[in-house]
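Data first, discussion second: the structure below is written as structure tokens.
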Amino acid sequence: MRTSITLDLPLPTDAAVRLVNDPEFIRHKAAQAGSKVLTVDVTSGTDGSYTSAVRRVIPSDQIPAQARSFVGSELEIRQTEAWAEPTEGADGRRFGTVSVEITGAPVRMTGSITLVPAAGGSTMTYEGEIKSPVPLFGASIEKAAAEAIRQALTAEAATASDWIATHPQD
């Protein structure tokens, strides 16, 4: 199932990339979402590229009932984002890839991220494919996962706005 999620951030694109790759912010947004971070590994390149790998757990009651029979009381989520270096002549646009895997659950998302300048900051768009190999229930699991991912990213954008208000950005 294809999905597209667009978020507005009150920061220029380079500052937004730094924020979403800030380990302290990553831990904060996870706590705000009710999840516990197991590990955060952020690597920044001298060229302005970033790679973040986050492992966190959430209670399985946050997923659709039809998928709960496949998992225990917690779900481990592994999310990796890789941001390319700023592209000269791209008018501040930034590009990345995203992979979200729910360990032990039958669903995964892979896709791209585009961050473009916008009035008042920037607009971040996640576009990807959500797949579930479960016979008969796969489509409903994909649909539920797409909605859960949309809600999580929308909440993260609100958390980012609150964070920015209390943590000055450079």
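For the listed peptides 8-16, 44-52, 29-37, a ranking on the average number of other beta carbons within 10 Å per residue, highest first, reads 8-16, 29-37, 44-52. This structure gives Rg and Dmax of the Cα atoms in Å, computed directly, and of (i) 14.6, 48; (ii) 16.1, 50; (iii) 14.9, 43 that value is listed as (ii). With respect to the chain, whose longest principal axis is taken over its alpha-carbon atoms, helix 23-32 is tilted by about 40°. Were the residues from Thr43 through Ala82 laid out at 0.36 nm apart, the gain over their Cα-Cα distance would be 13.1 nm.
Magnitude of the Cβ-charge dipole of segment 1-162, K/R +1 and D/E -1, about the Cα centre, nearest 20 debye?
I would put it at about 500 debye.
Spin-label pair Met1-Ser161: with each label point 7 Å from Cα along the Cα-Cβ axis, the two points sit 2.6 nm from one another. Could you work out how far helix 138-166 tilts from the main Cα principal axis of the chain, as a 0 to 90 degree angle to the nearest 10? Helix 138-166 and the main axis of the chain meet at about 40 degrees.
What number comes out for the charge environment of Leu7, summing +1 per Lys or Arg and -1 per Asp or Glu over other residues with Cβ under 11 Å away? It would help to have the intermediate numbers written out before the result.
On the way: positive: Arg150; negative: Asp8, Glu156.
With Lys, Arg at +1 and Asp, Glu at -1, the neighbours total -1.
Every number in this text was worked out from the coordinates using simple rules, so none of it is lab data. Please read these numbers as outputs of a predicted model, since none were measured by experiment. A quick note on method: Cβ atoms are made from the backbone with ideal geometry, for glycine too, and the neighbour counts reach across all protein chains shown.
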